[in-house]
Amino acid sequence: MRADVQHVADGTYLVHGSNTNWVILTEGDALTLIDTGYPGDRAQLLSSLAEVGGSPEAVEAVLITHAHNDHLGSAEYLRAGYGMPVHLHEAEVPHARRDFLNQVSVATVLKNGWRPGVLPWAVHAIRSGGTAHVPVASPQPFPTAGPLDLPGRPVPVHTPGHTDGHSAFHLPERGVVVSGDALVSGHPTSRAAGPQLLPDMFHHERSRAVASLAAFEKLDGDLLAPGHGPVHRGPVREAALQAREKAL
C-alpha cells in the first residue's frame, strides 16, 4: 500500500500513513524525516521517500516528535540499517530507549471502549504494531539549540504534556509548524474537527498539554502539519487558540 504524499509547502511533504502522519523535508538531494509512523507502516514510509525523489540513503537524520510507537515505529530500522542519527528532546531520549513507557495502556483503552471510534482504532493500532517493542538503541538529543543543520532548518520547540519530551518543529523559512501530537486536526477517536488536542486518555499530563498550546501561539506560520488529521491552513497561533477553546 502506498502512502498519501501531499506537497504542502516548498520542499515540505506531509505523508498520511495508517492513522498517523510523518513529514519529509527536502533540500536538493538531501532529506530530513520527521517521525516514521507505526512499525506496520514501513513499506509506506519507504515508498513515500521514493515518491519525493529520495531514498533512505538520502536521509540525513530522523527527528522524532515523541516516542510513541505510531511515530517511532521504523526509527531503529533506519538507524541500524542506514546509519542515520535519530534525534529527540533530551527528556524523550530515555523514552525512545524504552527505559520507561509514557503510552496509553491497554487497560485504559478498554475502559474507554464505549467511546465512538475507540475499539476500531485499537484493533488497527494493535495490527500495525502499536504494542510492539521498538526501542531505539542509541537515540540522541538534539545537537544544538535553535535551527538544526539539516534540510529545512527545523527548529525544535519543546511542547510537553503528551509526553515529557514531546517536541514540535518550526520551519520559519517555510511558514510551517510540524506539531506532532501536541496539536492535531483530527483523530479516529475524536468527534471534533479542526485544530484540537487529542482525547484525554492519550496524554501523559493533560494539564501540561494544554499549557503547551502557548508555545504554538508564539510561532509564525500559516500551515500546520499535524501528527494526526489533515493539513491545516491558516495562522498557527489561531489554530492553537481554537484547540485551547475546545480543551476548556
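The values are calculated or read from the model by the stated rules, or taken from the named source; none is laboratory data. These figures come from a predicted structure and were not determined experimentally. Note: ideal-geometry Cβ built from the backbone for every residue, glycine included; neighbour counts use all protein chains shown. Accessible surface areas use protein heavy atoms only, side chains included; no ligands, DNA or RNA. Shrake-Rupley method; radii C 1.70, N 1.55, O 1.52, S 1.80 Å.
Miscellaneous remarks
- Hits in the range 29-50 (condition: in contact (Cβ under 8 Å) with a residue 24 or more places away in the chain, closer than 24 Å to residue 148 by Cβ and open to solvent by 10 Å² or more (accessible area, probe 1.4 Å)): 29, 30
- Any chance residue 81 is more than 19 Å from the chain's Cα centre (by Cα), open to solvent by 30 Å² or more (accessible area, probe 1.4 Å) and within 20 Å of residue 37 (Cβ to Cβ): yes
- Verdict on residue 50 being out of contact with any His (no Cβ under 8 Å at 6 or more places or on another chain), among the aliphatic types (A, V, I, L, M) and under 28 Å from residue 189 (Cα atoms): no
- Any hit, the range 37-52, residues being of a type in the set (A, V, I, L, M, F, W, C), at pLDDT 95 or above and within 13 Å of the chain's Cα centre (by Cα): no
- Any hit, the range 92-114, residues being in contact with a strand residue (DSSP E or B) (Cβ under 9 Å, 6 or more places away or on another chain), touching a residue at least 40 places away in the same chain (Cβ under 8 Å), surrounded by 12 or more Cβ atoms within 10 Å (Cβ to Cβ) and of a type in the set (D, E, K, R): yes
- Verdict on residue 119 being in contact with a His (Cβ under 9 Å, 6 or more places away or on another chain), at pLDDT below 95 and either open to solvent by 50 Å² or more (accessible area, probe 1.4 Å) or more than 23 Å from residue 191 (Cβ to Cβ) (or both): no
- Number of the condition not met by residue 168 [criteria: (1) of a type in the set (A, V, I, L, M); (2) within 21 Å of residue 217 (Cα to Cα); (3) over 18 Å from the mean Cα position of the chain (by Cα)]: (3)
- Residues that are surrounded by fewer than 17 Cβ atoms within 10 Å (Cβ to Cβ) and among the small types (Gly, Ala, Ser), drawn from the range 51-63: 53, 55
- Of all residues in the range 118-137 being in a helix (DSSP H, G or I) and touching a residue at least 40 places away in the same chain (Cβ under 8 Å), the one that is farthest from residue 192 (Cα to Cα): 127
- As for the range 117-125, it holds no residue that is closer than 28 Å to residue 43 by Cα and in contact with a strand residue (DSSP E or B) (Cβ under 6 Å, 6 or more places away or on another chain).
- Selection within the range 1-28 - more than 22 Å from residue 170 (Cα to Cα) and either open to solvent by 30 Å² or more (accessible area, probe 1.4 Å) or touching a strand residue (DSSP E or B) at 6+ places or on another chain (Cβ under 9 Å) (or both): 1, 2, 3, 4, 19
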